[in-house]
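Asks: One structure, pasted below without further comment.
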């Protein structure tokens, strides 16, 4: 079995199990699902794991979505200019967010940054330009895959925020499109590259911990204020996932670094998992405290349990 | 359904799932096992949950097994004498251990403590005496149930170290015998009564934590030195369990206090669990470091993973 496919098979299993609506999970046929997830797909081009493209001396970059995380990407890219990178364009459906980002960039000396704002398909215009090498995507989760596909299809390398996909099908689309276009598509799981995480990775690889047999990881972040906010997430998109899905919706901050220490896809791989969620009370209780004109005021019956734990076994044990 | 039975049904499920040899677990028919575990048994006497017996002004006590934990029980009982308790007898198959304990007690002013040593069934002689109210059992795990049953059958109240039983059948025997004899049989899970644990219980019951939806607990204790020791555990009994069983072998230190906070069997109950163990390397690696005349020197293939995690869901969620 091709290792690249193997990788995706597992990544896909995650996305699928983690992203399915609770109602689906309650009714699924496990055997059928596992079979579907683990089925090999024919390759559509040269593998892209280890893909090398010609060096780009100054990476011409666009950022789609600059309301929250994307603002930071724009800031960082601009900080690399003019030597390493050039910020060519920023885009957001909310005019105010693009304006705030543009004002900041101008205050830092940025020039010639194109602005795409207020239009549903401004991001497509960005992808169609031929003076951009890299597109960074920091939009609501459900937009990640379509935008990444479109950008690759228009010859762009892609950095896409976590998660890169919400379904197995979308994972395959990303792989197939990367193979067809020979473009890099990287999920921006920045936590893997934090100082502490790399320090621990170095220790793990140096054998400081002896035989690694077990690891725990977590990403516990109380986002209720932001999720219920009427302005922070565009159209309160994030809380909507919690209405219908019960799973580890955002697992890679915790899991990514640990997967590195355990040598996942570098000698070991995930091959079994089981997940259990707790009672949901936090969202129902918070919903009662927000402003009465908030769409989620007094809402109850959120699907997402307050805490979700997943046990994962690797091939080595 | 009688709540007393309900309680045992769940306790029994635990003991069975946690105490089965790994080889059995690999081959079990889950449905069959769950059915067997959850089957109601006919009652054999008056319920003993909430059992009240006449107050005993001075509790005449015997301790069976004084090598490790039992030494401490003997010490504590003697500390309550002469006002609250009287230590009547101590018993251990190892003469040296009984001698050490007796010497200590004498040094603290104890008198008239009977000694039972060096005989396989010394403990039966203890249980047959009619001048004893309470028998404390601190012997190897596999002896707990037979000794507790025998003591109750001879009219004694029983305090038995963790775990009280290793199989579902033994759980039922304990309940049935307690009902038949109307004797108290208490598992000595001391951690539930620690200062910190009771402090947290008080906070939980006072609502300091709001709605409790999730709890984590653990008992992580590197016992390798003691388990491999040729002298600490009689006949190295404890490491032998790790040769053949893979499970949470000693779960109540962690789970007991949390179960109190969650109101288990006081409004909620455990109703679903799944368990996963890690790779085993710790025991194999340690076995290579002990003395060559140790029975476990160089032994490999221990069944018990280095770390075992169990997810448990309660009826409330």
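Quick note: the coordinates plus some simple rules give every number you see, no bench work behind them. Everything numeric in this text was worked out from a predicted model, so none of it was measured. All Cβ positions, even for glycine, are placed from backbone atoms using ideal geometry, and neighbour counts span all protein chains on display.
Asks: Compute a Gaussian network model of chain A, connecting alpha carbons closer than 10 Å, and tell me which residue from A:112, A:176, A:271 fluctuates the most.
Replies: Comparing A:112, A:176, A:271 in a Gaussian network model of chain A, the most mobile one is A:112.
Asks: Moving on. Distances longer than 14 Å among the Cα atoms of segment B:189-240: what percent of all pairs is that?
Replies: Of the Cα pairs, 69 percent sit more than 14 Å apart.
Asks: To one decimal place, what Kirkwood hydrodynamic radius in Å is obtained for chain A from all pairs of distinct Cα atoms?
Replies: After inverting the mean inverse Cα-Cα distance, the result is 21.2 Å.
Asks: Another question, if that's okay. Return the whole-Å distance between the Cα centroid of segment B:262-312 and the Cα centroid of segment B:163-192.
Replies: Result: 24 Å between the Cα centres.
Asks: Taking a label point 7 Å from Cα toward Cβ, how far is residue B:292 from its twins in the other copies, in nm, shortest first?
Replies: Nearest first, the other copies' label points are 8.6 nm away.
Asks: If you don't mind, there's one more thing I want to ask. Counting only other chains, what is the mean number of Cβ atoms within 10 angstrom of the Cβ of each residue in peptide B:307-314? Mind showing how you got there, number by number?
Replies: Numbers: counts 4, 1, 4, 2, 8, 1, 5, 2.
Average neighbour count from other chains, rounded to a whole number: 3.
Asks: Could you tell me the calculated FRET efficiency between residue A:268 and residue A:199, based on Cβ-Cβ distance and R0 = 22 angstrom, to the nearest 0.05?
Replies: Values: r = 21 Å, r/R0 = 0.97.
Efficiency computed from Cβ-Cβ geometry: 0.55.
Asks: I'd like to know how segment A:223-266 sits against the 2.2 N^0.38 Å rule of thumb: what's its Cα Rg over that expected value? Can you show the working numbers first?
Replies: Details: Rg = 14.7 Å, N = 44, 2.2 N^0.38 = 9.3 Å.
Expressed relative to 2.2 N^0.38 Å, the Cα Rg reads 1.58.
Asks: Follow-up question, since we're still on this one. Starting from the alpha-carbon convex hull of segment B:195-314, give the projected area averaged over all orientations, in nm².
Replies: 9.0
Asks: Using only alpha carbon pairs under 8 Å that are at least six residues apart, calculate the relative contact order of chain B and give it in whole percent. Walk me through the numbers on the way to the answer.
Replies: On the way: 493 pairs, mean separation 50.8, N = 317.
Result for chain B is 16 percent.
Asks: Now for a different question. Where is the GNM fluctuation largest for chain B (alpha-carbon springs, 10 angstrom cutoff): B:78, B:241, B:272?
Replies: Highest fluctuation among the options: B:272.
Asks: Report the residue of chain B with the smallest Cβ-to-axis distance, using the rotation axis that brings B onto A, in whole Å.
Replies: Looking at chain B's Cβ atoms against the axis toward A, the nearest is B:274, 3.
Asks: Where does segment B:59-191 land on Rg/Rh, using Cα atoms and the Kirkwood Rh? Each step should come with its number before you reach the end.
Replies: Values: Rg = 13.8 Å, Rh = 14.5 Å.
Rg divided by Rh gives 0.95.
Asks: Here's another thing I want to ask about it. Three principal axis extents, largest first, for the C-alpha atoms of the protein assembly as shown, in Å?
Replies: Sorted largest first, the three principal extents are 97, 63, 47 Å.
Asks: Zone of residue B:289 (label point 7 Å along Cα→Cβ, backbone N under 19 Å): which residues in segment B:226-240?
Replies: Taking a point 7 Å out along Cα→Cβ of residue B:289, the residues of segment B:226-240 whose backbone N falls under 19 Å are B:226-233, B:239-240.
Asks: Okay, moving on. If you take every DSSP beta bridge whose two residues both sit in the protein assembly as shown, what share of them, in percent to the nearest 5, is antiparallel?
Replies: If we restrict to bridges inside the protein assembly as shown, about 25 percent are antiparallel.
Asks: For a Förster distance of 56 Å, can you work out the FRET efficiency between the beta-carbons of residue B:44 and residue A:190, rounded to the nearest 0.05?
Replies: On the way: r = 63 Å, r/R0 = 1.12.
The formula returns an efficiency of 0.35 here.
Asks: Please give the calculated 222 nm ellipticity per residue for chain A, where each DSSP H segment of at least 4 residues contributes -39500 (n - 2.57) and the sum is spread over every residue; nearest 500 deg cm²/dmol? Spell out each step's value before the answer.
Replies: Values: 13 runs with 127 residues, N = 317.
Rounded to the nearest 500, the figure is -11500 deg cm²/dmol.
Asks: Could you tell me what percent of the DSSP beta bridges with both partners in chain A are antiparallel, to the nearest 5? Intermediate values should be presented prior to the final figure.
Replies: Numbers: 8 of 30 bridges.
Counting only bridges with both partners in chain A, antiparallel ones make up about 25 percent.
Asks: Quick one: with label points 7 Å out along Cα→Cβ, list the inter-copy distances for residue A:271 in nm, shortest first?
Replies: Relative to the other copies, residue A:271 has label-point distances of 3.5 nm.
Asks: Return the average number of partner chain Cβ atoms within 10 angstrom of each residue Cβ along peptide A:264-276.
Replies: 1
Asks: Measuring from a point 7 Å out along Cα→Cβ, what nm distances, shortest first, does residue B:205 have to its partners in the other copies?
Replies: The answer, with the shortest distance listed first, is 5.4 nm.
Asks: Length gain on complete extension for the stretch residue B:104 to residue B:121, per 0.36 nm per residue less the alpha carbon to alpha carbon distance?
Replies: 3.7 nm
Asks: Stokes-Einstein at 10 °C, 1.306 mPa s, Kirkwood radius from Cα pairs: D for segment B:132-283 in µm² s⁻¹?
Replies: Details: Rh = 17.7 Å.
Reported coefficient: 90 µm²/s.
Asks: Would you please state which residues of segment B:239-261 a label at residue B:96 would reach in this model, taking the label point 7 Å out along Cα→Cβ and a backbone N cut-off of under 19 Å?
Replies: So the set is B:239.
Asks: Quick one: if the Förster radius is 25 Å, what FRET efficiency do residue B:222 and residue A:313 give, using the C-beta to C-beta distance and rounding to 0.05?
Replies: For R0 = 25 Å, the calculated efficiency reads 0.65.
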